[in-house]
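Structure first, commentary second.
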Amino acid sequence: MCLLRVAAFASGRGSNLKAILAAIDRKELACKVVLVVSDLENSGALNLARERNIPALHINHKQFDTNDAYERALLQALSDAGTELIALAGYLKKISLKVIQAYRPRIVNIHPALLPAFGGKGMYGMNVHRAVVDYGCKISGVTVHLVDEEYDSGPPVLQRSVPVKEGDRPEDLARRVLEQEHIVYPQALQLFAEKRVEVKGRRVVIKPAGEETEK
Ligand code: GRF
């Protein structure tokens, strides 16, 4: 079986990366994580990659004299790893235009709310859940979406709702949403692995199983 070669980008603890690797281990996800990229040297995600002997790349623009040199080095590493899809999992830096151009539409992100609500610049981590609770929402959720030039603006691939319960603190909601993230992200990646994701204008269309076309 041909495994989809995924590069994961993460700045933080890496629980989504862990869930993706666990789904691969259970043979529920036909992917191989070929590279983990982080702007932070000691992020949980990068340490997890090192523990699992997955190539771990600490890279950020500060290590280079020019942005162009940074982009070239990152693109080279992605290409050397044979990357077919980029999965952002808590990556806090904006993805550079050249990387987007090289991999679009095969860059996905996971966001801990139902986009387009509670997305965009500054909407990450607990900020999202605090805003949802403060607004008085009854439902929040998870969105896996394609990445374009703006924060959180590409079309959704998969979404799942999560109830906001009476008396929820942002931390309570975050915990419940994260549980769903760990289920939904591997499912979304599996759709790519099965070649069931088709982009039609603004929309992502998921083809029924068994109707895959070679892309
Ligand atoms: C997740 O909540 C994800 O939705 C967001 O960043 C967080 C990353 O968490 N984009 P982790 O590092 O995967 O634990």
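Here are A73, A89, A102, A30: which of them is within 16 Å of the ligand (Cβ to nearest atom) and hydrophobic (A, V, I, L, M, F, W, C)?
Numbers: A73 fails: within 16 Å of the ligand (Cβ to nearest atom); A102 fails: within 16 Å of the ligand (Cβ to nearest atom); A30 fails: within 16 Å of the ligand (Cβ to nearest atom).
Residue meeting the stated conditions: A89.
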In region 174-186, is there at least one residue being surrounded by 15 or more Cβ atoms within 10 Å (Cβ to Cβ) and over 17 Å from the mean Cα position of the chain (by Cα)? yes
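Report yes if L21 is in a loop (DSSP other than H, G, I, E, B) and within 16 Å of the ligand (Cβ to nearest atom), otherwise no. Walk me through how you get there before you give the answer.
Working: in a loop (DSSP other than H, G, I, E, B): no; within 16 Å of the ligand (Cβ to nearest atom): yes.
No: the conditions fail for L21.
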Looking at (1) surrounded by 18 or more Cβ atoms within 10 Å (Cβ to Cβ); (2) without any contact (Cβ under 8 Å) to a residue 40 or more places away in the chain; (3) more than 16 Å from the ligand (Cβ to nearest atom), which is the one condition that is false for D134? (1)
Just checking, how many residues over region 66-90 are touching a residue at least 40 places away in the same chain (Cβ under 8 Å), surrounded by 14 or more Cβ atoms within 10 Å (Cβ to Cβ) and among the small types (G, A, S)? 5
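Yes/no matrix, rows are residues, columns are (1) touching a Gly at 6+ places or on another chain (Cβ under 7 Å); (2) under 20 Å from V184 (Cα atoms):
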position: G44; (1), (2): yes, no
position: I59; (1), (2): no, no
position: Q63; (1), (2): no, no
position: A73; (1), (2): no, no
position: Y91; (1), (2): no, yes
position: V128; (1), (2): no, yes
position: T143; (1), (2): no, yes
Of I139, I206, the only residue that is surrounded by fewer than 21 Cβ atoms within 10 Å (Cβ to Cβ) and closer than 23 Å to C2 by Cα is I206
Per the list (1) within 16 Å of the ligand (Cβ to nearest atom); (2) closer than 20 Å to P186 by Cβ; (3) assigned to a loop (DSSP other than H, G, I, E, B); (4) out of contact with any Gly (no Cβ under 7 Å at 6 or more places or on another chain), residue check on R13 breaks on (4)
Every residue from region 1-29 that is farther than 21 Å from D80 by Cα and of a type in the set (G, A, S): S11, G12, G14, S15, A19, A22, A23
Cβ-Cβ under 6 Å, sequence separation 6+ or interchain: first residue in region 53-65 and within 13 Å of N42 (Cα to Cα), partner among the basic types (K, R). Which pairs? A56/R50
If I107 passes every condition in (1) surrounded by fewer than 17 Cβ atoms within 10 Å (Cβ to Cβ); (2) within 15 Å of the chain's Cα centre (by Cα) but one, which one does it miss? (1)
Starting from region 191-203, take each residue that is part of a strand (DSSP E or B) and list its partners that are surrounded by fewer than 16 Cβ atoms within 10 Å (Cβ to Cβ), counting only C-beta distances under 7 angstrom and pairs at least six apart or across chains. V197/I206; E198/V205; E198/K207
Please count how many residues of region 166-176 are assigned to a loop (DSSP other than H, G, I, E, B) and closer than 16 Å to L114 by Cβ. 1
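Kindly indicate whether P112 is surrounded by 21 or more Cβ atoms within 10 Å (Cβ to Cβ), modelled with pLDDT of 95 or more and either of a type in the set (F, W, Y) or within 28 Å of E194 (Cβ to Cβ) (or both). Break it down into steps so the answer makes sense when it comes.
Numbers: surrounded by 21 or more Cβ atoms within 10 Å (Cβ to Cβ): yes; modelled with pLDDT of 95 or more: yes; either of a type in the set (F, W, Y) or within 28 Å of E194 (Cβ to Cβ) (or both): yes.
So P112 fits the description; yes.
The values are calculated or read from the model by the stated rules, or taken from the named source; none is laboratory data. Bear in mind the structure is a predicted one, so any value in this text is a computation, not a measurement. Neighbour counts are summed over all protein chains in view; Cβ atoms, including those assigned to glycine, are modelled from backbone coordinates with ideal geometry.
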